[in-house]
Structure formats: C-alpha cells, structure tokens
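Okay, so here's the structure we're looking at.
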Amino acid sequence: MKVSILGAGPAGSTAAYYLAARGIDVELIDRVAFPRDKACAGGLFNPLSYYSEFPFIKELKGKNINNVHLTCGERTASYTSELPVLQTFLRKDFDYFLLKNAIKQGAKFYIGKQPEGNIIVNATGARRIQDYPKTGICMEYDYPVEKDFDTAYIHYLFKGIRGYCWIFPKKGYVNIGIGAHLPQRDIRDIYYSYIDYLEERDLISIREKCYRSKIIPLAPIKRFFKDNVLITGDAAGFVRPIGEGIFFAMMSGKLAAQTIIDKKGVSWYELRCKEKFGRYLKPMLRGNNMALLNKIMQKAIKISSRDKVFAKMLVENFFRFGEYDRALRLRFFRNLLK
Ligand SMILES: Cc1cc2nc3c(=O)[nH]c(=O)nc-3n(C[C@H](O)[C@H](O)[C@H](O)COP(=O)(O)OP(=O)(O)OC[C@H]3O[C@@H](n4cnc5c(N)ncnc54)[C@H](O)[C@@H]3O)c2cc1C
C-alpha cells in the first residue's frame with residue numbers, strides 16, 4: 001500500500017506523521033517549498049487539547065497567553081485564566097516543524113510531484129468560496145515588536161463586521177488581524193482602521209501596515225471522502241465558525257491516518273470526524289441581524305465585567321477550553337433578568 005498526501009500543512013503533515021510512524025509508504029506532496037508563509041494568526045486555541053492529542057507538539061515552545069481583553073463597541077472586559085487559553089507561533093515555523101516531524105518518521109516529501117499512491121489524502125487547504133456552505137475572509141500580519149505583549153485582544157463586530165478583530169501576541173511579534181463572514185465589503189480598509197484605532201489608544205505602534213489574506217471555510221462540505229480520497233482540514237471545511245482550524249486540520253489528519261492504518265472504510269472516517277469534533281463546527285450565534293448581535297455581544301461584555309464566572313465561560317468557550325454553550329446562554333439570560 002502506498003499513500004499520497006497532497007498538501008503539507010497541519011492536516012497533511014499530521015496524517016503523514018502517523019502513517020509513516022506505522023511503517024506505511026507515504027509521499028507528502030506540496031506545491032511549494034517549505035518553510036512557507038500561510039495567512040494565519042498562528043494561535044493554538046486551548047493548547048492542552050493539542051498536548052493530549054499530539055504530544056510531539058510540546059517540543060515546540062510557543063508563547064502562552066493567559067490574559068484576554070474583550071471589547072464590543074465601548075464596552076470592555078478582561079479575564080485572566082489559570083491555564084493558558086492560547087499558544088502562539090509563526091505559522092511558517094509551526095508548519096515546518098510538523099513537516100520535519102513527519103519526515104523524521106519516514107515520510108518522503110516532494111514539491112509538485114504527480115501522486116502515485118493507491119490511497120489519496122487531500123489536505124490542500126481552503127479552496128473556492130463556492131465549495132463551502134459558508135465562508136469568511138481573514139486578513140492578518142505578524143508585526144515585529146521590541147517589547148513582548150502578554151494579553152490577547154478580541155474586538156467583536158468592529159465597525160459592524162460579522163466577525164472580530166484580534167491581537168495575538170507572539171514571541172517578538174504581535175499578530176493583528178480581522179476575520180469576517182462573507183459577503184464583507186472593504187475588509188482591507190476596516191483592517192487598516194483597526195490598526196489606527198489601536199495606535200490612537202497607544203496599544204501598538206506600526207511602522208508600515210501590511211496584510212496577508214485568505215478565504216476561510218466556516219462550515220464543512222457534505223461528504224468528507226470521494227472514492228479512494230479522504231478529505232481533511234480546510235479542504236473539508238473543518239473550521240470553527242470563529243475561524244479556528246489548526247486543531248481540526250490535525251485531528252482530521254490523524255483520523256485519516258487511523259482509517260488507513262486500521263483498513264477502515266472511508267465512511268468510518270466521516271463518522272469519526274463528526275463524533276470527535278463535529279460539535280465544534282456549529283455556529284453559536286446564528287442569524288445575520290447585526291444590530292441584534294451587537295446588542296447581545298455588548299451585553300455579554302457588560303455582564304463579563306461584573307460577573308467573573310460569566311467572563312470565564314465566555315473566554316474559555318471562545319478558546320474551545322470549556323464546554324459551556326448551554327450554561328453560558330442560561331447565565332446570560334439570568335443576568336438579563338437581574
Ligand atoms: C488569516 C487567518 C487566520 C487564521 N488564524 C487561525 C488561528 O489563529 N488558529 C487556528 O487554529 N486557525 C486559524 N486559521 C485557520 C487555519 O489557518 C487553517 O484552518 C489551517 O491552516 C488548515 O490547515 P490545512 O492543513 O488544512 O491547510 P493549509 O494550512 O492551508 O495547508 C494546505 C497546503 O496544501 C498545499 N497545496 C494546495 N494545493 C495543493 C496541490 N494541488 N497539491 C499539493 N499541495 C497543495 C498548500 O501549499 C499548503 O501548504 C486562520 C486562517 C486564516 C485565513
């Protein structure tokens with residue numbers, strides 16, 4: 001048996017790692033050389049969940065973030081978690097580490113080669129907007145900083161976007177970005193005005209505004225396989241509606257490898273994906289009524305500033321740390337009635 005994996009991002013390299021570790025002949029093919037850049041904030045949400053699924057990640061030391069600052073409109077709230085909610089990397093370094101890890105196990109890496117395997121893992125990342133039921137657009141950049149930041153900032157619905165802006169501190173850098181559901185007009189102007197907003201508040205000083213951007217799937221495709229092809233990561237649309245996709249890319253890569261190693265049918269792969277992480281891929285706030293969403297988020301931030309338990313739930317839910325969907329809603333409504 002020979003397996004060809006197309007795409008050496010987190011999904012492809014993770015699948016290659018587990019397959020090669022079991023002695024399977026695996027070729028990992030990307031269209032570009034590594035290390036390569038990828039539009040991404042480079043945040044591992046809930047790093048502990050990565051450690052339990054992918055212990056080899058511990059070798060790569062990122063920056064742990066425990067402090068979170070939430071804003072919506074004029075309202076703000078801060079929360080400090082005991083455990084890190086986020087660990088950050090430059091994506092270039094993170095992906096290169098995963099690729100080298102797979103090669104160390106015996107995977108063979110090629111650039112732009114025709115696949116020869118009798119089983120294919122499609123890990124080619126996000127495709128066209130029309131391939132997914134829902135998509136968004138994200139824009140970000142890693143700006144070098146002299147003094148490290150320790151707080152992640154989430155700014156919900158900035159300038160009326162259906163999404164949020166963020167600051168994710170990294171070692172020696174700060175990642176500033178914006179993500180919004182499509183359709184979204186003037187995203188670059190809004191991104192730049194977010195940087196102006198941060199500069200006016202003396203939060204950051206940028207020499208030159210830059211961006212990398214990419215569409216992001218925000219809901220899975222219908223079927224996660226086609227004949228002898230298993231579809232993983234962004235290619236399958238495994239991204240949480242808030243834009244988190246690295247964990248699901250790696251999980252689906254691992255499950256694809258397991259499916260092949262254990263000679264399970266392709267539908268087993270689909271079932272396991274749904275069972276293992278399907279619940280995270282569902283939106284928490286539905287609807288497109290921006291005025292209502294804005295009201296809800298402003299209220300949520302107001303409640304967070306006086307109710308620390310609610311703040312903890314809100315932050316940990318965002319970073320896929322707690323499982324509070326229902327409890328969060330209940331506490332929200334209880335607070336409204338007070
Ligand atoms: C701006 C932005 C910010 C984000 N921030 C975060 C974040 O902080 N945390 C988080 O968890 N997620 C984040 N995401 C989502 C995350 O980047 C993706 O979910 C993740 O990269 C998916 O991994 P993947 O391996 O499926 O695809 P990718 O990382 O896109 O890798 C796909 C690989 O396939 C290669 N390829 C493409 N076509 C072919 C082909 N035909 N043949 C061979 N190779 C091919 C590409 O060169 C690439 O190397 C962000 C996304 C964006 C756009």
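Just so you know, all these numbers are worked out from the coordinates, no wet-lab data involved. Not measured: the values here are computed from a predicted model. Because the Cβ atoms are built from the backbone with ideal geometry, glycine has one as well, and the counts that use them run over all protein chains shown.
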Separation between the E53 and K2 pseudo-spin-labels, each 7 Å from Cα along Cα→Cβ, expressed in nm? 3.1
Using a basic spin-label model with each label point 7 Å from the Cα along Cα→Cβ, how many nm lie between L83 and K214? 2.8
Can you pull the one-decimal nm distance between simple spin-label points at S305 and R207, each 7 Å off the Cα toward Cβ? 3.7
Rounding to the nearest 20 debye, state how big the charge dipole of region 1-110 is about its Cα centre with +1 on each Lys and Arg Cβ and -1 on each Asp and Glu Cβ. 260
Ordered by fewest other Cβ atoms within 10 Å, a rough proxy for footprinting exposure, D95, D150, D25, D227 read D227, D150, D25, D95
Beyond 16 Å, what share of the Cα-Cα pairs of region 290-337 remains, rounded to the nearest whole percent? 34
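At R0 = 22 Å, how high is the FRET efficiency between Q130 and M290 if r is their beta carbon distance? Nearest 0.05 is fine.
The pair Q130/M290 has a calculated efficiency of 0.35.
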Mean projection of the alpha-carbon convex hull of the chain over all orientations, in nm²? 16.8
Calculate for the chain the 222 nm mean residue ellipticity that helices alone would give, adding -39,500 (n - 2.57) per DSSP H run of length 4 or more and normalising by residue count, nearest 500 deg cm²/dmol. -11000 deg cm²/dmol
What angle, in degrees between 0 and 90 and rounded to the nearest 10, separates the Cα long axis of helix 187-200 from the longest principal axis of the Cα atoms of the chain? 50
Give me the extension gain from N118 to K171: residue separation times 0.36 nm, minus the current Cα-Cα distance, reported in nm with one decimal. 14.9 nm
Once amide hydrogens are built 1.01 Å from N within the peptide plane, the residues lying 5 or more places from L182 or on another chain with amide H under 5 Å from its amide H are T135, G136, I137
Run the dipole for region 290-337 about the Cα centre, Lys and Arg Cβ at +1, Asp and Glu Cβ at -1, nothing else charged, and hand back the magnitude in debye, nearest 20. 180
Go ahead and collect, in residue order, the members of region 286-322 whose backbone nitrogen is under 17 Å from a label point 7 Å along the Cα-Cβ direction of Y197. 290-302
For region 128-137, in order, what is each residue's ³J(HN,Hα) by Karplus, 6.51 cos²θ - 1.76 cosθ + 1.60 with θ = phi - 60°, in whole Hz (x at glycine and Pro)? 8, 3, 5, 7, 10, x, 9, 9, x, 10
Find the centroid of the Cα atoms in region 70-130 and in region 174-231, then give the distance between the two in whole Å. 15
FRET E, pair L336, N64, Förster distance 41 Å, beta-carbon r, rounded to 0.05: 0.75
How much of the DSSP beta bridge set in the chain is antiparallel, as a percent to the nearest 5? 65
